[in-house]
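The values are calculated or read from the model by the stated rules, or taken from the named source; none is laboratory data. As the structure is a computational prediction, the values presented were derived from the model and not from experiment. Every residue, glycine as well, gets a Cβ built from its backbone with ideal geometry; the counts of neighbours run over all protein chains shown.
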Amino acid sequence: MFDSGYLARGLALIHSLRELGIDDAIWVLCLDDTTQTYLGSLELPGVHLLNTDDLATSTPGLETARTNRSRVEFFFTCTPALVCAVMQQSPQLEWVVYLDADMYFFTSPARVFDEVGSGDVGIVPHRFPDHLKSLEDYGTYNVAWVMFRTTKMGRECASWWRDRCLEWCYDHPDNGRYADQGYLDEFPTRFPTTKVIADAGVNVAPWNLGRHKISLVGRTIYSDEQELIFFHFHGLRKKGDWIYPNLATYKTKLTPDVRDCIYLPYIAELNRIESGTASINFAKPLHALQPQAVSRNQRNLRSAAYRARRRFLQIRERRAGGAFRINDVDDDGMKSRRYN
């Protein structure tokens, strides 16, 4: 699910799956009208669109949640509601997998399904390094990839998650709860057929990157000894020709392999999508939507304190060598100029 501010990232996620030959149905919860109109105009095969009004119609209590929590908290509340709605609409499916929009697949996720095996639910730990263990207040597991088999146990788990989020889903830690994410900590005990995914190539992200060795062997990217399946580009920012990967926030260094093998190809893909040159049937170059999208998406965020903190983090990331500059990124995403 995503809004117009994340439209390019959502399309990049979809494109990465299709490029790997994965033709499974994809449901997108469109969080604003711009997103639904634009995606509808593309008529992407196998992509089904829902909006929050559709979801509220099929989810008793969701409309009330819209009125008693913030916009982002309402979006968090929608996560398990979307999973349950897809299960209800398409009972023939074996699996329903929720994916965050700011991820990108480098290899098929078939290995994840093999690891989960006969389990009914699959969740991914944050894998925080020791110096970030305090962040587990926000949940041991990350709502980036959450998978449910459409069995009795899988459906019960998804429904329990939805109901808890309808009751309480706020953007601050509270006694083991946090947004839609903290509830995942209870899955393994409440639903014993939950499998914790240990694959080092799954959900590599800024907060756990320091635990993994990223390398390129031939044309294959490895995380430790396993092929990288998907990377989570959490907190990535572009400002002018500067790229801020959000690594300094987690005291993680940007290595040449991470920059060249992961971030640059992704930035190149976003650039192709935004310019309308990607291999997608664009009805209109995406960059034409950006000014309107950004102003709507960030209207409630642009306080002086927010801007000051973001600027501070950007300066810190530059000084730490974590930011880099793009000069006409080519199709392989291989041109960059590191900050010195």
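One line per residue, one yes/no per condition, for (1) at pLDDT 90 or above; (2) under 16 Å from Arg127 (Cβ atoms); (3) surrounded by fewer than 20 Cβ atoms within 10 Å (Cβ to Cβ):
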| site | (1), (2), (3) |
| --- | --- |
| Asp224 | yes, yes, yes |
| Thr252 | yes, yes, no |
| Arg272 | yes, no, no |
| Asn281 | no, no, yes |
| Gln290 | no, no, yes |
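Reported count of residues in segment 115-143, each being in a helix (DSSP H, G or I) and without any contact (Cβ under 8 Å) to a residue 60 or more places away in the chain, is 6.
Within segment 39-60, restricting attention to residues that are β-branched (Val, Ile, Thr) and not in a loop (DSSP other than H, G, I, E, B), the residue that is nearest to Ile22 (Cα to Cα) is Val47.
Applying the selection to segment 192-222, what residues are surrounded by fewer than 16 Cβ atoms within 10 Å (Cβ to Cβ), assigned to a strand (DSSP E or B) and either at positive phi or not aliphatic (A, V, I, L, M) (or both)? Of everything in segment 192-222, just one residue is surrounded by fewer than 16 Cβ atoms within 10 Å (Cβ to Cβ), assigned to a strand (DSSP E or B) and either at positive phi or not aliphatic (A, V, I, L, M) (or both), namely Thr220.
Within segment 144-191, restricting attention to residues that are outside any loop (DSSP other than H, G, I, E, B), hydroxyl-bearing (Ser, Thr, Tyr) and more than 19 Å from the chain's Cα centre (by Cα), the residue that is farthest from Val97 (Cα to Cα) is Thr189. The single condition from (1) more than 16 Å from Val143 (Cβ to Cβ); (2) under 18 Å from the mean Cα position of the chain (by Cα) that Phe75 fails is (1). Please find, within segment 23-44, the residue that is farthest from Thr79 (Cα to Cα) out of those that are within 18 Å of the chain's Cα centre (by Cα) and in contact (Cβ under 8 Å) with a residue 40 or more places away in the chain. Filtering first and then ranking leaves Ala25.
Looking for something in contact with a strand residue (DSSP E or B) (Cβ under 7 Å, 6 or more places away or on another chain), more than 22 Å from Ser159 (Cα to Cα) and surrounded by fewer than 18 Cβ atoms within 10 Å (Cβ to Cβ) - is there at least one such residue anywhere in segment 64-82? Checking segment 64-82: not a single residue is in contact with a strand residue (DSSP E or B) (Cβ under 7 Å, 6 or more places away or on another chain), more than 22 Å from Ser159 (Cα to Cα) and surrounded by fewer than 18 Cβ atoms within 10 Å (Cβ to Cβ). Counting only residues that are assigned to a helix (DSSP H, G or I), out of contact with any strand residue (DSSP E or B) (no Cβ under 7 Å at 6 or more places or on another chain) and within 14 Å of Val204 (Cα to Cα), segment 251-262 holds 0 of them.
When Phe75 is tested against (1) farther than 21 Å from Asp171 by Cα; (2) in contact (Cβ under 8 Å) with a residue 12 or more places away in the chain; (3) in a helix (DSSP H, G or I); (4) out of contact with any Phe, Trp or Tyr (no Cβ under 6 Å at 6 or more places or on another chain), just one condition goes unmet, and that condition is (1).
Against the test of being over 15 Å from Cys30 (Cα atoms), part of a helix (DSSP H, G or I) and small (Gly, Ala, Ser), the options Ala81, Ala65 yield a single qualifying residue, Ala65.
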